[in-house]
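Just below is one structure, and these are the notes that go with it.
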């Protein structure tokens, strides 16, 4: 009987300590996500195409944990000025994840003037998914 009480006390103490450990680990993880977000926003401005593409891919993949709203101007600039359709698609998907109402409004205005049919259909999908009207071509 006494042995059972010590076992319960030991197990409950171990559980309590593990909850505290996970709680403190969460604060560190949030700090790391904030720093990671900051670095990704900087990387989108890089002159190196590979660095930019990688940063945008990470933004898309981990968007739920990141704060990359500050990158929306650079993403829109990249979407509008890039000659690389793959980079334009990545930028479009990242803007969709950020879901700024101004960016979605601009995409809505840009839609009729888009020349690449593949990207045009992706803009339509983004607009539809965000509840926006898709203009006629």
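Among the residues of the range 69-109, just one is under 17 Å from residue 46 (Cα atoms), part of a loop (DSSP other than H, G, I, E, B) and out of contact with any helix residue (DSSP H, G or I) (no Cβ under 8 Å at 6 or more places or on another chain), namely 83. Residues in the range 36-56 that are in a loop (DSSP other than H, G, I, E, B) and touching a helix residue (DSSP H, G or I) at 6+ places or on another chain (Cβ under 6 Å): 44, 45, 46.
Table: residues versus (1) at pLDDT 95 or above; (2) within 14 Å of the chain's Cα centre (by Cα); (3) part of a helix (DSSP H, G or I); (4) closer than 19 Å to residue 88 by Cβ.
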{"position": "3", "(1), (2), (3), (4)": "no, no, yes, no"}
{"position": "7", "(1), (2), (3), (4)": "no, no, yes, no"}
{"position": "18", "(1), (2), (3), (4)": "no, no, yes, no"}
{"position": "34", "(1), (2), (3), (4)": "no, yes, yes, no"}
{"position": "58", "(1), (2), (3), (4)": "yes, yes, yes, yes"}
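Using the structure shown, decide if residue 82 is without any contact (Cβ under 8 Å) to a residue 12 or more places away in the chain, under 25 Å from residue 37 (Cα atoms), more than 16 Å from the chain's Cα centre (by Cα) and surrounded by 15 or more Cβ atoms within 10 Å (Cβ to Cβ). Here the answer is yes, as residue 82 does meet what is asked. Please tell me if residue 124 is in a helix (DSSP H, G or I), over 11 Å from the mean Cα position of the chain (by Cα) and in contact (Cβ under 8 Å) with a residue 12 or more places away in the chain. In short, yes.
The values are calculated or read from the model by the stated rules, or taken from the named source; none is laboratory data. Just so you know, these numbers come straight off a predicted model, no measurement behind them. When we count neighbours, we look across all protein chains shown, and the Cβ atoms used for this are built from the backbone with ideal geometry, even at glycine.
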